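Notes to accompany the following structure.
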Amino acid sequence: MEKERGIKEAYIRLCISVTAILLLIFMAAVFVMHKKNKDEDYLYRIEINRVENELKNSPFIPDISDYRTITAVSAFDPSFEDIYDSEDHYVIKKVNGTLYRIDYRTDLSRERAEGIRLICILMIVIFAALMIVLFFLYYAFVRDLGRLSEYPFELAKGHMVVPLKEKRSGYFGRFLWGLDMLREKLESEKRKNLELQKEKNVFLLSLSHDIKTPLSAIKLYAASLKKNLYTDPDKVAEVYEKIDDNAGEIERYVSKLTASANDEFLDVDVSGGEFYLSEALDYVKGYYSDKLKAAGTKLSFEEAPEILVHGDRERFIEVLQNIFENAVKYGDGKEISVSFFDEEDCKLVTVSNTGCTLPEEEIEHIFDSFYRGSNAGSKPGSGLGLFICRKLMLKMKGEIFATKDGDEMKVTLVCRKM
């Protein structure tokens, strides 16, 4: 909230600064015009001299439409008028032996007022346009930026802040929508993790209690055998059988614990539905084309088929990206190719990469949880990527398997057609 207020205050200061600059420009324009008008107080003198020069060079009366202060120029005709009879400002000039009366005006206030009025109108229009732009920027961008400034930090801290509402007319609409989806996802994951932790604790307490019974029995039977309490061979055999039964019961509990640990990784959301296989493949192709080109890796991509398949487009892309990343990480960087095959009602998508050093006998284990092949070396990883890929493909009614052909690794996705 404090950050949002700070952004708004900064924007207000910017608006005030822009307005102040605009006012200064307006004042400078008025000042320049006033100075120019002051210089024009003696403009009539200059124009009288110009008229006189034109009369000297031409016997004709000059066109006075280009003059601002000259109102009339006339040659003296004693039979019709008195050259000195006038209520306006005038001067008498003798040019080439002829008397000329040049009428002029000194009051240019109307023109000055008109010029100032035009400047004022122009400045008002500019100011109004600027205000509209500033208000538009505020409502379209700044206001949303204020709300967004602290949002990612709050999410990173685990504070599931109030939902962000997407505005249809907002330029950040999709971004706000994406952030709100992220908030909901994190909130759901947080709630799910808390519930999972609770269930895990309850399960471990229950399991530890259940294990105590056969474990106590084993310890009791072991102590009896140690003290030679049973001398009858049949009784000793019975005790051994009971120890074996209790050990088997503990083994079942351990298997149950292992299965429960694996179930935590099965908790992936896959929306049922359908998607065009070509759309998902084109997305992955566009994403990795430049990346692999920069790394010097050749990418061979057969034409993607235009068919509908079962599943979740985003999850399928996630599976493909994981396979591509493994191909980049564990291949030799020479070539990665994608090919397609048909099998009954399924479309097979095979991603191949050269430079596979994984032993043949390890291929069947690469989809196990936490399994890392002997070719992993010091490369970072958790051993869960392909495990999760298999779970995702199974939830999309598909399958995933891997084969090795010489030094080429082939990972195939089985997609069920609609």
Residues located in the range 374-391, provided they are surrounded by 17 or more Cβ atoms within 10 Å (Cβ to Cβ), out of contact with any strand residue (DSSP E or B) (no Cβ under 7 Å at 6 or more places or on another chain) and closer than 15 Å to E325 by Cβ = G385, L386, F387, I388
Working only within the range 293-333, note down all residues that are among the basic types (K, R) and farther than 27 Å from F387 by Cβ.
-> K293, K298
Filter the range 201-239 for residues that are in contact (Cβ under 8 Å) with a residue 12 or more places away in the chain and of a type in the set (F, W, Y); the one that is surrounded by the most Cβ atoms within 10 Å (Cβ to Cβ) is Y221
Please work out which residue is nearest to V270 (Cα to Cα), limiting yourself to the range 314-354 and to residues that are within 36 Å of the chain's Cα centre (by Cα) and part of a loop (DSSP other than H, G, I, E, B).
-> G331
By residue number, the members of the range 270-313 that are surrounded by 15 or more Cβ atoms within 10 Å (Cβ to Cβ), in a loop (DSSP other than H, G, I, E, B) and among the charged types (D, E, K, R) are D312
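For (1) within 14 Å of E360 (Cα to Cα); (2) not charged (D, E, K, R), each residue gets a yes or a no:
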{"site": "N375", "(1), (2)": "yes, yes"}
{"site": "G383", "(1), (2)": "no, yes"}
{"site": "F387", "(1), (2)": "no, yes"}
{"site": "R390", "(1), (2)": "no, no"}
{"site": "L394", "(1), (2)": "no, yes"}
{"site": "K404", "(1), (2)": "yes, no"}
{"site": "R416", "(1), (2)": "no, no"}
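Listed here are the residues, each with its yes/no results for (1) in a loop (DSSP other than H, G, I, E, B); (2) surrounded by 13 or more Cβ atoms within 10 Å (Cβ to Cβ); (3) at pLDDT 80 or above.
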| position | (1), (2), (3) |
| --- | --- |
| P62 | yes, yes, yes |
| S65 | yes, no, yes |
| T71 | no, yes, yes |
| P78 | yes, no, no |
| D82 | yes, no, no |
| D85 | yes, no, no |
| V91 | no, yes, yes |
| I102 | no, yes, yes |
Can you name every residue in the range 403-418 that is outside any strand (DSSP E or B) and in contact (Cβ under 8 Å) with a residue 24 or more places away in the chain?
-> D407, M418
State all residues of the range 382-402 that are out of contact with any helix residue (DSSP H, G or I) (no Cβ under 8 Å at 6 or more places or on another chain) and not in a helix (DSSP H, G or I); if no residue qualifies, say none.
-> S382, G383, K397, G398, F401
When you go through L55, L108, L24 one by one, which is the residue that is assigned by TED's automatic domain parsing to the domain that holds Y138 and at pLDDT below 80?
-> L108
Meets criteria (surrounded by 13 or more Cβ atoms within 10 Å (Cβ to Cβ), more than 30 Å from H310 (Cβ to Cβ) and either out of contact with any Lys or Arg (no Cβ under 8 Å at 6 or more places or on another chain) or in contact (Cβ under 8 Å) with a residue 12 or more places away in the chain (or both)) for G331 | no
Among the residues of the range 303-324, the number that are among the β-branched types (V, I, T) and without any contact (Cβ under 8 Å) to a residue 12 or more places away in the chain is 0
Quick check, is V349 in contact with an Asp or Glu (Cβ under 8 Å, 6 or more places away or on another chain) and buried (at least 18 other Cβ atoms within 10 Å of the Cβ)?
-> no
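The values are calculated or read from the model by the stated rules, or taken from the named source; none is laboratory data. Bear in mind that the values here come from a model prediction, so they are computed numbers and not experimental data. Positions of Cβ are backbone-derived with ideal geometry, glycine not excepted, and every protein chain shown enters the neighbour counts.
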